[in-house]
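Notes follow the structure.
Nothing in this text is a laboratory measurement; each read-out follows from the coordinates by a stated rule. These numbers come from a predicted model, not from an experiment. Here the Cβ is made from the backbone with ideal geometry for all residues, glycine too, and neighbour counts use every protein chain on show.
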Amino acid sequence: MSTSSVSKGCFVFKPTAKKRRSLTLEDYFTDGCEDAENSDVRFQLCQHLWDRMKTDTEVLQDELNRNVLDSLLDLTRKCSSTRQHSDWASKMRASEIPTAALVLGVNVPDHDMTFQSLSELLQQSVTPYVASVQAKECGTLKHLMKRVLERLTGAVVVLDDEEEEEEAEQLHKSTHCSLGTLCDWYDAKTKKSSTGTPGKKRTSPTKDEQQQPPVVIIFKDLEAFNPRVLQNFILICSLYVQRLPLMFIFGIATSPSTVQHMLPHSVSSLLCIQLFQSLSCTQHLATVIDKLILTHHFPFKLSGKVMQVLISIFLYHDFSVRNFIKGIQLALLEHFHSQPLSVLCCKKKEARRNLMQLSHANLERVRKLPSFKRYVEKQEQQEQVNLLQDDGHLKEACQKLMKDLHKYHKNYYPVLRCLHTLASTLPRYPLGKQIRELHLICLEKNVWENEDYQSAMKLLKMLAKDELITLLQRCAENLQTVKSKKMNAAFVQLEELLAKFKQLDTAAAAVETVPTVVESITSPVKNLQKKTDLFQLQKTLLEMNESLRSKKRSPFEVLRNEALEFIDALVRSHLSPPESQTLNEVCYFSSSATVRRHLNATPRTSIQAALSSPYYYIQNDNLKTEDGSVSSAAPDICIAYKLHLECGRLINLYDWLEAYATVVSAAEGKDQESDEFGKVDEVKHARFIRAVSELEFLGFIKSTKQKTDHVARLTWGGC
Amino acid sequence: MTSVLQHPGYDEEKLRRVTEQTPCREAQTGLLLSLMGQPQQYSYPSIFVYGHRASGKSHVMHVLLKELELPHATISCVECVSKALLFEKMLLSLFGCEAASLLPRTPSLSDFVRVYRHQCLDSPATQTRYIVMEKAELLRDADVNLLPALLRLQELVDDNLTVILLSEITWDKFRPNTGCYEPLVLHFPDYSKGDLQQILSRDSHPSYSADFYSSYINILLGVFYSVCRDLRELHHLAALNFSKFCEPLAEGKVKESDTHKLWRNIEPHLKKAMQTVYLREVSSLQWEQMQQMEEKEAGALRGLSAHTHVELPYYSKFLLIAAYLASYNPARTDKRFFLKHHGKIKKTNFLKKNEKTSNHLLGPKPFPLDRLLAVFYSVVDSRVAPSASIFSQISSLVTLQLLTQVSHDDQLDAPKYKCAVSLDFISAISRTVNFDIVKYLYDFL
């Protein structure tokens, strides 16, 4: 099919009769994949891992939302039950529509999931009649009504002003968008279900009070609704509230006072608003990180830089946990796609099997890994030769190394948690308030070389006894949960320390206070009185302090130092950064640039890159230039762009054209001396005009009325 | 009790029931009855009834038509989003569903008249039919011919039919430019304090005596009458606070007759209700929970407007701050605030005549997108790449109604915005990012 045409136009491609084989996910994965031979294995691993992560996060999200959702469910249940009571107070209040204002925070992309599970829960346990509407589909009252009716009845509702086919004609009489029809439908439904056979329905014990299940309407994004539409809808609903047990749920992203901004008193007096606050998104993120990243259950790991990118997108841009998880997914896919050795990124047994089947090419890849090279250099001469030449030996060595890596992960996280429990109580949080900050520090470099770590340790050495004991107990709990030899040993040691602390209590009670070192202090104090020099004074005071500390160490202080040295030793042995581990490249995804490019797109920079260095995208050797300049063979728009950078705010079009013609003539290889050089012919003129209009379309220039034959620049900077 | 309504043509018993159900509206009911005449007599084609909210318009109409068993259709104009729905409802309640199904899919007024006339042939009117239009002020937004046609519908369909329009605003605001048939205008005045007392006392609690409830209403009106005369609202307040009023009785501390002690008990409580419940800061359910709680805990429950804190992503905060600055500072002064070497410019030097008034009194001014971004880049302390998510944050701020887009949605080139948050809000936001916004505001220079 040819699409060359004189004029611009649309071309219709009818699908060919032969149906092309639709590509599966795997085909996409293997396409362009690094080292195709084990791509299927990697694909399987990746899928499996992602499925596990996904189910885990879903479970997590359900758990997090449970509190709010449960209280919401309670409210709906209460609503349906109070309606049936006929005591004086509820009769007086009958005209109010019960409303739940659910404050969800500004991370709008996450809300879908919450509402999804909310409506599912409602349908399971309270009422089958749930409709959720979004602002963008309800521009007018008519459409809102239509959506509500559609979602509730599941039928097609026809709007009067929409031109539709003949078949719609018959439907129209049966369903009309008004709440009246909804009431009739509801009456029919409830009557049917109360008289109908209970066998098919859920036989819950609460069946009797479920005679009249409430009709719940969820407004997902209250802020975006047109206030007039909402007001009218509520007014109409209040007319029917006697016949129809209605209930609203407002999803609010900002603050509850928006309800007051949107609804006047006459409307809000029809509602009985109850406020619900969901978990804040930062807490949500913390739990997700806790479950997905700070655990050895998933072999796939993110390097510090990638984590940093993902977290900063979260904190700086969107607050969306869903996008964060998507970021992890991207990193996961990218890792398995681009790293052939990721076949080893799986559980221990599988990894062993995959390792045995590793091809020679892949073993060569292992040898090229920087971390492996470092490892080799440390080995004996003979061992080095063996590792570099004997494939079988290498496989065995790798097996051991992989085992070490697993162990490293198993020990890393509990120790990290220990350190966090200790450091998070300190004033001004030297090691960060959140555990993710500490994790980032540890990923970067040796944490114990960090200044903040030193100061944290100093502060810890000043902790009071009971504080320290509770902290250590919490540390012990952290260590206890892990099944690993080293951690068990550490746990036992910590328990012993704790026991010693307890003994101290009893011992202190028994032993009388030892005669203190007051004697020794008094003498320098006497000396002190003689001196008046400030420097000397300071010096003596410092000395006194030193001597006091060394002399007056109580048994508690000794024990405290011992405990902290123990913790310090734990940190030093287990919290080394992953880069120091051999074969870490198998599990760690470190290309932060890829993640950033995909998740935090910068359209303007890429346009500018394309215009200023076309080689970057076109990959044509002719276009290769030294930085800054544009070859004269570059596309017209690039030349025009380059020339316009040299101008001020207003650009004279004629000068621009002249300059353009000169550059293009040079590209055509014309003789500099000839008359033709730099002459503007029709073709060049047309090409120039096109380039200029393209630049205008991209938003770099615009026409101006300030000066004739000039255009205005819209960007700053340039040459 | 005032005398029972008298009108020829209606059953005495029915009239008595009407009188009973419409207290304090005897004059209006009587007037309406005499306008309506006897059932078979032709009545005035259209009657316009107006009066404030909760002055008994709909109630009186409803009771009259129902108790006297007159054929009628009551239609709320809010509900009728389209003409089709309106016509269908009218036909449905006057003639039944077969008539309604005769209407075409998108009926015009003449379709309606045709169907109506057709139905009339089958069932000619033996007595006056009534169409009551509630919230008639919405008819003004409907098609131009609808209101004039409804006013002389009797003539158009050639039937014994009266259209009654109920509205909260006066007829003067209705009159179309082209002129129309003038309806009879009837005003429902507000209830007086005595009337309110009488009406509210009617729904007394079954387990207490009527006198007791009436004394409660008396106290309630004493507190609230000065701020609120809306019957519905008072009714709501009465229902909410009654249990508190009865509390000392249930505890056996006072007797029903001891009004003074009861008053002393309830008065501070009602004063508190005036600040929260009346403004619907706190919903009735929460108010009830509050009553069950101890006094000291009750302070913890905050109204809707107390929750104003909004968590925002870091750059969104700065975008909002930039928007606020762009909205409240004149564009000329940007140089002074955001350029490093702006030189000393005194405020008086670049004051224009009309700028002497505070910008905060005038409200936010629109600003173009590029000014917003320019301010944003100079306000935010680190280098920010102009990524797509920065732009998407602007639009999400618009959906959150923290910014409003002034220009039309279709205008892609240089859209204009306004900042829609208050000074308190923005100062709270800027405090979280350690930005001293007052230093950058022209008004506080």
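General observations
- Cα extents for region B:1-160 along the principal axes, largest to smallest and rounded to whole angstrom: 52, 35, 24.
- Take each residue in A:139-145, count the other chain C-beta atoms within 10 Å of its C-beta, and the mean is 2.
- Rg ratio for region A:233-305: its Cα radius of gyration over 2.2 N^0.38 Å, N being its residue count, equals 1.88.
- Counting every other Cβ atom within 10 Å of each residue's Cβ, B:Asp413, B:Asp195, A:Asp40, A:Asp221 order from fewest to most as B:Asp413, A:Asp40, B:Asp195, A:Asp221.
- Across A:Lys368/A:Lys483; A:Lys54/A:Lys142; A:Lys368/A:Lys445; A:Lys445/A:Lys502; B:Lys173/B:Lys272, pairs whose alpha-carbon gap is larger than 32 Å: A:Lys368/A:Lys483; A:Lys54/A:Lys142; A:Lys445/A:Lys502; B:Lys173/B:Lys272
- Per-residue mean of C-beta atoms belonging to partner chains within 10 Å, peptide B:377-386: 1
- Filter on A:Lys347/A:Lys410; A:Lys410/A:Lys458; A:Lys189/B:Lys83; A:Lys220/B:Lys365; A:Lys348/A:Lys378 - keep pairs with C-alpha separation over 20 Å: A:Lys410/A:Lys458; A:Lys189/B:Lys83; A:Lys220/B:Lys365; A:Lys348/A:Lys378
- Local electrostatic count, A:Arg147, Cβ distance below 12 Å [Lys/Arg +1, Asp/Glu -1]: +3
- The fewest-to-most ranking of B:Lys272, A:Lys433 by surrounding Cβ atoms within 10 Å reads A:Lys433, B:Lys272.
- Among the residues of A:598-605, the average count of other protein chain beta-carbon atoms within 10 Å of the residue beta-carbon is 4.
- Packing rank of A:535-544, A:247-256, A:331-340, A:291-300, where each peptide gets the mean count of other beta carbons within 10 Å, highest leading: A:247-256, A:331-340, A:291-300, A:535-544
- Shape category assigned to region B:31-88 from the gyration tensor of Cα positions, a/c cut at 1.5: oblate
- Simple rule: put +1 on each Lys or Arg Cβ and -1 on each Asp or Glu Cβ in region A:313-449, find the dipole, and look at A:Gln389, A:Ala351, A:Gln434; the Cα lying farthest toward the positive end is A:Gln434.
- Sorted into 10 angstrom bins from 0, the C-alpha pair distances of region A:399-465 split as 19, 48, 22, 9, 1 percent.
- Rule-of-thumb Rg ratio for region A:202-338 [Cα; 2.2 N^0.38 Å; N residues]: 1.54
- Here the peptides B:183-192, B:312-321, B:247-256 are ranked by packing, the mean other Cβ count within 10 Å, and the order with the highest first is B:312-321, B:183-192, B:247-256.
- For region A:405-480 versus region B:423-444, the spacing of their alpha-carbon centroids is 36 Å.
- The simple Förster model, with R0 at 25 Å and r as the Cβ-Cβ distance, assigns B:Lys173 and B:Ser110 a FRET efficiency of 0.35.
- Helix screen, chain B: DSSP H segments with Cα axial length of 27 Å or more and mean Kyte-Doolittle hydropathy at least -0.5 are B:231-250.
- Cα gyration tensor shape of chain B, rounded if a/c is under 1.5, else prolate or oblate by comparing a/b with b/c: oblate
- Between the beta carbons of B:Gln40 and B:Ser101, assuming R0 = 25 Å, the FRET efficiency works out to 0.30 to the nearest 0.05.
- Taking only alpha carbon atoms, region B:363-445 gives an Rg to Rh ratio of 0.95, where Rh is the Kirkwood radius.
- Neighbour-count ranking [beta-carbon atoms within 10 angstrom, fewest first] of A:Asp112, B:Asp334: A:Asp112, B:Asp334
- Gap separating the Cα centres of region A:355-397 and region A:99-137, nearest whole Å: 55
- Candidates B:Phe174, B:Phe87, B:Phe376: whichever shows maximal mean-square fluctuation once chain B is modelled as a Gaussian network with Cα springs under 10 Å: B:Phe376
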